[in-house]
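Quick notes on the structure that follows.
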Amino acid sequence: MARQVLITGATGFLGGVAARDMRQAGWTVVTTGRDPVVGAKLKGEGFDFVSLDLSDDPDALRKMAKDCEAVVHCAALSSPWGRKSEFVACNVTATQNVLAACREVGARLVHVSSPSVSFGFFHQRNLREDTPWPEPAANHYIATKRQAEQLVRDAVDVSSIILRPKALIGPGDTTLLPRVLRAARRGRFPQFSDGDPLLDLTTASDVAAGLRLAAEAPESCLGKTYHLTGGQPLSASEAFNLLFESCGLNVRNIPITTRRALILSGALEKLSQAFTGGLWEPPLTRYTVGSLAFEQTLDISAARRELGYSPTGNIREALRECGRHWRKQNEYPSST
């Protein structure tokens, strides 16, 4: 009989890729998510799907997890901007309910966190999993992902593994590259004149493989945290040039210092708070500036050694594929 897994957030980018990867590997996959349209597509592919708000219906969640050996918790609100209450509900309350379900049915939890929990406004190179978190958290997303990680660590009666995948890319990405391309489509994009930092990117297929490895990992890996990346850091200039060229965008780089960009983004954040109560997402936030201006490359040696993680995705080709996908999906593929 096939092993059964519940994947939360399956209507999101990573969750959908993970569901298909685990089914291909022989798992019986049960899925949940908040987008009924994407959920209908999953049903059309033969997945068992239930539309569910993890923060609001713990009883339904427990029923879904009943016969599962593992729960892969991909669901989260991932954004550089938003209301604190929404981040708490999606990232903290939902994780509490997932933990309760795992505890009741005896399932292993594979918890998808983020290396942004370690983010600071300075360069971090070859970062290890045990590096202390800079204070304070740069935004509500980071603060609530830290809370969620701590909840998982504190739940000693639940078998768990925490994964921190870095900067997912691939066709269907709804978080990272779409924000970059919204800015670039205007024909201009900031280029930091005081450096060309390395970007550590990861293909969604490599992360999905990492999730499966964690679900199948030996007990010696339980209670641990692992970084996942593609292992091929690229300079920001090369990465964005590859992406923009593949999109068919003619983008002019606008030189700006990191300091000026942080001042500008901070002013935009204050305007949003003052005039919209934070409802308007500024086109540039301090966290977005920091994540592009300051390197955060990750040490993935523990995942390689203990999980058997071996990234195979070609980052350059993945960026080209993302660009081609965007161009195909976009009504006006060129700014020329």
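The values are calculated or read from the model by the stated rules, or taken from the named source; none is laboratory data. Predicted model only: the values in this text are computed from it and were never measured. All Cβ positions, even for glycine, are placed from backbone atoms using ideal geometry, and neighbour counts span all protein chains on display.
For the residues Arg23, Arg3, Arg103, the requirement of being touching a residue at least 60 places away in the same chain (Cβ under 8 Å) and of a type outside the set (Gly, Ala, Ser) singles out Arg3. Within segment 217-262, the residues that satisfy the criterion of being among the small types (Gly, Ala, Ser) and either without any contact (Cβ under 8 Å) to a residue 60 or more places away in the chain or farther than 30 Å from Asp154 by Cβ (or both) are Gly230, Gly231, Ser235, Ala236, Ser237, Ala239, Ser246, Gly248, Ala261. For segment 208-231, a tally of residues being among the charged types (D, E, K, R) and more than 21 Å from Asp130 (Cβ to Cβ) returns 2. Among the residues making up segment 5-20, those that are under 17 Å from the mean Cα position of the chain (by Cα) and either of a type in the set (Val, Ile, Thr) or assigned to a helix (DSSP H, G or I) (or both) are Ile7, Thr8, Thr11, Phe13, Leu14, Gly15, Gly16, Val17, Ala18, Ala19. Counting only strands (runs of 3 or more DSSP E) that sit wholly inside segment 123-199, those with at least 2 residues that are closer than 27 Å to Leu264 by Cβ, touching a Ser or Thr at 6+ places or on another chain (Cβ under 8 Å) and not aliphatic (A, V, I, L, M) are 124-127, 188-192. Being of a type outside the set (D, E, K, R) and touching a strand residue (DSSP E or B) at 6+ places or on another chain (Cβ under 7 Å) holds for only one residue in Val105, Val37, Val5, Val88, and it is Val5. Looking at segment 118-137, which of the residues that are closer than 25 Å to Pro283 by Cβ and surrounded by 19 or more Cβ atoms within 10 Å (Cβ to Cβ) is farthest from the chain's Cα centre (by Cα)? Per the criteria, the residue is Ala137. When segment 104-122 is examined, which residues are found to be part of a strand (DSSP E or B) and among the hydrophobic types (A, V, I, L, M, F, W, C)? Selection gives Leu109, Val110, Val112.
Restricting to segment 81-102, name every residue that is under 23 Å from Val156 (Cβ atoms) and among the small types (Gly, Ala, Ser). Matches in segment 81-102: Ala94, Ala100, Ala101. Applying the set (1) of a type in the set (Ser, Thr, Tyr); (2) modelled with pLDDT under 90; (3) touching a Gly at 6+ places or on another chain (Cβ under 6 Å) to Thr174 leaves exactly one unmet item: (3). Among all residues of segment 127-135, there is none that is among the aliphatic types (A, V, I, L, M) and at pLDDT below 90.
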